[in-house]
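Engineer: Can you keep this structure in mind? I'll have questions shortly.
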Amino acid sequence: MATVKDKLKERIKELTCLYEVTSIIANSDFDQLEISLEAIVYSVKNAWQFNLLSEVHLSLGEYIVQTDGFKDTMTLMHSDIKVFNKVSGTLKVGYPEDRYFYADFLEEEKDLLNNVSIAIGNLLERKQIRESEAKVKRQMERTDRLHILGEITAGIAHELNTPLANILGFTELLKERVSNAGALRDLDKIVENAIFSREIVKKLMFFACEMPQEMQPVELNPIIESTLKLLTPSFREKNLKLIKKFGSDDIRLRADKVQFTQVLFNLVMNAIYYSPIKGTVGVSIIEKGKNIQIRISDEGVGIDCKIEDKIFEPFFTTKPLGEGSGLGLSVVHGIISSHKGTIEHRPNKPKGTVFILDFPKL
């Protein structure tokens, strides 16, 4: 039977453990959370009555930390770790199963285990709150930048429209008065580049929300079919396989047909561009509750985690100089937002990227 001295000794171990856990949590670096969790695990081990034989295991999402001798077959006491009232992991303490029973655990040890689990849950809540605040801050900064850039862009687009129209018009007049084959080829290049510049101006105006919308009920399948038909030569050029999955023949939503076509064209063109030769591009439409979801996938190299927050920013591109303006995805993002939809990207399996578009049903 435990003496008063023994009980006092155990109580001191438990209080020491709580103090150590509190100190570890107070000084935790959220970027190196596993180090803090490992320190907590070994502090808990030392707090148990038979600490030379006790082993500890902590599992929490992506983190799994345990002492060297831990086994699932041990006689175990465990406590759930809750993050925002949701069970997100467990903390277990065990003794060798051939020598100890559950009755060998002290009642105070159960209380200690629960308190440590609560402290770990609070640590994860703080981490998630900080990450959420940082994300909101980045979004607000991005919104401010886009608002300022939108105003500047709108002015630039308007200023460029007139000289571009003049370049195209006077070049066409010159072509009627020039007979030299070399000069005509040069004039054709001027026209070609002026048209390319005009398309960039259009994208700038889309980005700046300067293009008026004509919202009306539209059938989705025909728009996608016609967009894919336009891109047939691009599919053939890289010998790509196209997989289409349409959940229904009559899916409708309220949209600007021209802008919606531009969204699909940009995303499918990107999928084609980044897909390897003989790769697969997927386009699917499904109805999910009150939403319509469009998925466009490729089998390219995927989006590096270092740049995934930048891909919707204007003028950001991973394409070589001259092959992309960096406006495609920012325009897509703007159009989708104006249609009260959302766009996100995820890794495709086994490789590539999936863009997921969600829109409210008509």
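Engineer: I'm checking a number: the convex hull volume of the Cα atoms of the chain, normalised per residue, in Å³. What is it?
Structural biologist: On the way: hull volume 71.1 nm³, N = 362.
Taking the convex hull of the Cα positions in the chain, it is 196 Å³ per residue.
Engineer: For segment 1-131, what relative contact order do you get, as a whole percent, if you take Cα pairs closer than 8 Å and at least 6 residues apart? Don't skip to the answer; put the middle values down first.
Structural biologist: Numbers: 172 pairs, mean separation 29.1, N = 131.
The normalised contact order for segment 1-131 reaches 22 percent.
Engineer: Given the alpha-carbon gyration tensor of segment 37-109, what are the semi-axes of its equivalent ellipsoid in whole angstrom, ordered largest first, with each equal to the square root of 5 times an eigenvalue?
Structural biologist: Working: eigenvalues 85, 35, 26 Å².
The three semi-axes for segment 37-109 are 21, 13, 11 Å.
Engineer: Can you tell me, using C-alpha contacts under 8 Å and at least 6 residues apart, the relative contact order of the chain as a whole percent?
Structural biologist: Numbers: 490 pairs, mean separation 36.8, N = 362.
Relative contact order here is 10 percent.
Engineer: Still on this structure, please answer the following. Whenever you get a sec, compute what percent of the accessible area on the chain sits on carbon and sulfur atoms (1.4 Å probe). Walk me through the numbers on the way to the answer.
Structural biologist: On the way: 11810 of 21730 Å².
On the chain, the fraction of accessible area on carbon and sulfur atoms equals 54 percent.
Engineer: Let me spell out the model: positive unit charges on the Cβ of Lys and Arg, negative unit charges on the Cβ of Asp and Glu, origin at the Cα centre of segment 59-149. What dipole size does that give, in debye rounded to 20? Intermediate results must be reported in sequence, preceding the final value.
Structural biologist: Values: 14 positive and 16 negative charges, 167 e Å.
Roughly 800 debye, rounded to the nearest 20.
Engineer: A follow-up question, please. Using a Förster distance of 35 angstrom, determine the FRET efficiency expected from the C-beta separation of Ala119 and Ile243, and round it to 0.05.
Structural biologist: On the way: r = 49 Å, r/R0 = 1.41.
It comes out at approximately 0.10.
Engineer: Listed here are the pairs Lys189/Lys245; Lys244/Lys361; Lys229/Lys340; Lys244/Lys340; which of them are more than 29 Å apart at the Cα? Walk me through the numbers before you get to the answer.
Structural biologist: Numbers: Lys189/Lys245 41 Å; Lys244/Lys361 20 Å; Lys229/Lys340 27 Å; Lys244/Lys340 25 Å.
Those over the limit are Lys189/Lys245.
Engineer: Let's see if you can work this out: charge +1 on each Lys and Arg Cβ, -1 on each Asp and Glu Cβ, no other charges. What is the dipole magnitude of the chain about its Cα centre, in debye to the nearest 20? Display every interim value, and only then the final one.
Structural biologist: Values: 48 positive and 51 negative charges, 197 e Å.
Its charge dipole is roughly 940 debye.
Engineer: First select every other residue whose beta carbon is under 13 angstrom from the beta carbon of Ser132; then total the charges, Lys and Arg +1, Asp and Glu -1. The partial results should precede the final answer.
Structural biologist: Values: positive: Arg126, Lys127, Arg130, Lys135, Lys137, Arg138; negative: Glu125, Glu131, Glu133.
Cβ neighbours under 13 Å give a net charge of +3.
Engineer: Given a 1.4 Å probe and heavy atoms of the protein chains only, how would you sort Leu106, Leu58, largest accessible area at the top?
Structural biologist: Working: Leu106 50, Leu58 0 Å².
Ranking Leu106, Leu58 by accessible area, largest first, yields Leu106, Leu58.
Engineer: Ok, one more. Once amide H atoms are placed 1.01 Å from N in the peptide plane, what residues at a sequence separation of 5 or more from Phe246, or on another chain, have their amide H within under 5 Å of its amide H?
Structural biologist: Residues meeting the criterion, in which the H sits 1.01 Å from N, are Ile285.
Engineer: Moving on. Could you order Tyr19, Tyr95 so the one with the most accessible surface comes first? Probe is 1.4 Å.
Structural biologist: Details: Tyr19 160, Tyr95 0 Å².
Accessible-area ranking of Tyr19, Tyr95, largest first: Tyr19, Tyr95.
Engineer: So between Glu287 and Leu33, what do we pick up on full extension, going 0.36 nm a residue minus the alpha carbon distance? Kindly include the intermediate steps, with their values, before the conclusion.
Structural biologist: Working: separation 254, 0.36 × 254 = 91.44 nm, distance 3.99 nm.
Taking Glu287 through Leu33 to full extension adds about 87.5 nm, to one decimal.
Engineer: Continuing with the same structure: All other residues with a Cβ under 14 Å from the Cβ of Asn166 taken together, and with Lys, Arg as +1 and Asp, Glu as -1, what is their net charge? Spell out each step's value before the answer.
Structural biologist: Details: positive: Arg198; negative: Glu159, Glu172.
That sum, taken over residues with Cβ under 14 Å, equals -1.
Engineer: Same structure again: Tell me which of Thr171, Ile224, Val93 sits at the most positive position along the dipole axis of the chain, charges placed on C-beta atoms (Lys, Arg +1; Asp, Glu -1).
Structural biologist: Of the options given, the answer is Thr171.
Engineer: Suppose accessible area is computed on protein heavy atoms with a 1.4 Å probe; arrange Thr317, Thr75 from highest to lowest.
Structural biologist: Details: Thr317 55, Thr75 25 Å².
The most accessible residue leads, giving Thr317, Thr75.
Engineer: Next question, about the same structure. Could you pull out every residue, at least 5 positions away or on a different chain, whose amide H is within less than 5 Å of the one on Leu240? Hs are placed 1.01 Å off N in the peptide plane, and Pro or chain starts have none.
Structural biologist: Hits under the 5 Å cutoff: Lys278.
Engineer: So which residue, out of Asn266, Asn193, Asn348, gets the largest mean-square fluctuation from a GNM of the chain using Cα contacts under 10 Å as springs?
Structural biologist: Asn193
Engineer: How much accessible area does His57 have with a 1.4 Å probe, in Å² rounded to the nearest 10?
Structural biologist: Roughly 20 Å² of His57 is accessible to a 1.4 Å probe.
Engineer: In degrees between 0 and 90, to the nearest 10, how far off the longest principal axis of the chain does helix 181-207 point, with axes built from Cα atoms?
Structural biologist: Compared with the principal axis, the helix lies near 40 degrees.
Engineer: What number comes out for accessible area per residue over the chain if the probe is 1.4 Å? Units Å², please. List each step's numbers first, then the result.
Structural biologist: Numbers: 21730 Å² over 362 residues.
The answer is 60 Å² per residue.
Engineer: Who wins for biggest fluctuation among Val332, Val87, Val44 in a Gaussian network model of the chain, springs between alpha carbons below 10 Å?
Structural biologist: With Cα springs under 10 Å in the chain, the top fluctuation among Val332, Val87, Val44 is at Val87.
Engineer: Let me ask something else about it. Could you state how much accessible area Glu38 has, in square angstrom rounded to the nearest 10, with a 1.4 Å probe and all protein chains kept in place?
Structural biologist: For Glu38, solvent-accessible area is about 90 Å².
Engineer: Multiply the residue gap between Leu168 and Glu97 by 0.36 nm, knock off their C-alpha separation, and tell me the result in nm, one decimal place. Walk me through the intermediate numbers first.
Structural biologist: Working: separation 71, 0.36 × 71 = 25.56 nm, distance 8.58 nm.
Extending this stretch completely gives an extra 17.0 nm.
Engineer: Separate question: Past 19 Å, Cα to Cα: identify those pairs from Lys92/Lys127; Lys86/Lys135; Lys13/Lys86; Lys82/Lys127, in the order given. Walk me through the numbers before you get to the answer.
Structural biologist: Working: Lys92/Lys127 22 Å; Lys86/Lys135 22 Å; Lys13/Lys86 30 Å; Lys82/Lys127 14 Å.
The pairs that break the limit, which is 19 Å between Cα atoms, are Lys92/Lys127; Lys86/Lys135; Lys13/Lys86.
The values are calculated or read from the model by the stated rules, or taken from the named source; none is laboratory data. Everything quoted here is computed from the prediction, not taken from an experiment. We place every Cβ from the backbone using ideal geometry, glycine too, and count neighbours over all the protein chains shown. Remember, those area values only see protein heavy atoms, side chains included, never the ligands or the DNA or RNA. Shrake-Rupley method; radii C 1.70, N 1.55, O 1.52, S 1.80 Å.
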